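Before any comments, here is the structure.
The values are calculated or read from the model by the stated rules, or taken from the named source; none is laboratory data. Note that the structure is a prediction, hence the values are computed from the model and not measured. Glycine gets a Cβ as well: all are built from the backbone with ideal geometry, and neighbour counts include every protein chain shown.
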Amino acid sequence: MIKMPSGNSYLDDLRSKPEVIDPPQIDELLEVCKELNDSAQSTFKPNATISSSVRELLECPVCLNSMYPPIHQCQNGHTLCSGCKPRVHNRCPTCRHELGNIRCLALEKVAASLELPCKYQSFGCSGIYPYYGKLKHESQCVHRPYSCPYAGSECSVVGDIPYLVAHLKDDHKVDMHNGSTFNHRYVKSNPHEVENATWMLTVFSCFGQYFCLHFEAFQLGVAPVYIAFLRFMGDDNEAKKYSYSLEVGGNGRKMTWQGVPRSIRDSHRKVRDSFDGLIIQRNMALFFSGGDKKELKLRVTGKIWKQ
Ligand SMILES: [Zn+2]
Ligand SMILES: [Zn+2]
Ligand SMILES: [Zn+2]
Ligand SMILES: [Zn+2]
């Protein structure tokens, strides 16, 4: 049912310049889509009706991801994504014939005409995006799930904030506190073993939000240092509405830090490595601890407020 312009100079043109397709071709391809779609509805609702079958066509048979240009096809018309093409050793994964180097411009054009819902629809995003713009949106979608903020383990759990709060509590046994002020003690019997004091996390609930207080030791050059910082369980634009202060002291000494919590979109490591927090040299930490160098005893007090 492909209607070609009379004389077919069009196709001739395509054959001589395979990279160029004139805009009218899109409409023709959409016609084909409608045919392919075997749709019971007679009215043409572009996205709702064609999207599911075309979406299947746009799924790479090897990696099952959505395909983006250049989309490849074998001589028999089986398609393949450009990421998988180098991996199949020039054999079509579907029919095993030689793959060659054929680009499936028709499918690429069909894809360009599609609009699809954001993949985080189930997380609350109601956005509809052009096929080729969808990836970019999804990489920044405010509804995209967050990664588990727990540091020190390769935890791969993702979810929205209420889900992650429950996960931190139940699976990581993290201490939970209500209120915007806190007073915390970190005691370690051997301050010379950096690993001893690594990764402590407390979750604070205030202003209807959740904050992660990280306290940890890490090696900076040859010397271990301690760092404490706050992360906001939410997006960066919300995080900026809050401030926090941390104070560490003891034995007549005191040090204060004031900062802005970082979103948990920024990885724990990224925040730590940017030193965006209260940094305590080990010698200073030992002074705060009482100076006997046997034990690390740090008292950290803090406050979170809304600007
Ligand atoms: Zn693939
Ligand atoms: Zn094939
Ligand atoms: Zn979205
Ligand atoms: Zn986790």
| message | What's the number of the only condition in (1) at pLDDT 95 or above; (2) loosely packed, with under 15 Cβ neighbours inside 10 Å that Leu135 fails to meet? | response | (1)
| All positions within the range 152-188 that are touching a Cys at 6+ places or on another chain (Cβ under 9 Å) and either part of a helix (DSSP H, G or I) or within 14 Å of ligand 4 (Cβ to nearest atom) (or both) | Cys155, Ser156, Val157, Val158, Gly159, Leu164, His167, Leu168, Asp171, His172, Val174
| remark: Scanning the range 242-270 residue by residue, the ones that are at pLDDT 90 or above and within 19 Å of Lys303 (Cβ to Cβ) total 16
| So which residues in the range 63-76 are aliphatic (A, V, I, L, M) and in contact with a helix residue (DSSP H, G or I) (Cβ under 7 Å, 6 or more places away or on another chain)? | Ile71
| note | Of the candidates Ser82, Ser66, the one satisfying the condition of being surrounded by 14 or more Cβ atoms within 10 Å (Cβ to Cβ) and within 16 Å of ligand 3 (Cβ to nearest atom) is Ser66
| message | Any residue that is at negative phi and touching an Asp or Glu at 6+ places or on another chain (Cβ under 8 Å) - is there at least one of those in the range 132-141? | response | no
| Counting only residues that are in contact with a Leu (Cβ under 7 Å, 6 or more places away or on another chain) and hydrophobic (A, V, I, L, M, F, W, C), how many does the range 234-254 have? | 2
| request: Could you please let me know if Pro145 is at pLDDT 90 or above, over 23 Å from Ser52 (Cα atoms) and within 16 Å of ligand 3 (Cβ to nearest atom)? | output: yes
| task | Would you mind finding the one in Cys118, Cys95 that is without any contact (Cβ under 8 Å) to a residue 60 or more places away in the chain, surrounded by fewer than 17 Cβ atoms within 10 Å (Cβ to Cβ) and touching a His at 6+ places or on another chain (Cβ under 7 Å)? | result | Cys95
| said: Please go through (1) modelled with pLDDT under 90; (2) within 16 Å of ligand 2 (Cβ to nearest atom) for Leu114 and return the number of the only condition it doesn't satisfy. | reply: (2)
| request: Taking Leu116 as meeting all but one of (1) assigned to a loop (DSSP other than H, G, I, E, B); (2) within 16 Å of ligand 3 (Cβ to nearest atom), write down the number of the exception. | output: (1)
| How many of the residues in the range 55-104 are at pLDDT below 90 and near ligand 2 (Cβ under 10 Å from one of its atoms)? | 0
| field | Residue check, Pro130 more than 16 Å from ligand 2 (Cβ to nearest atom), in the same structural domain as Cys74 (by the TED database), free of Cβ contacts under 8 Å to residues at least 24 places away in the same chain and not aliphatic (A, V, I, L, M) | value | no
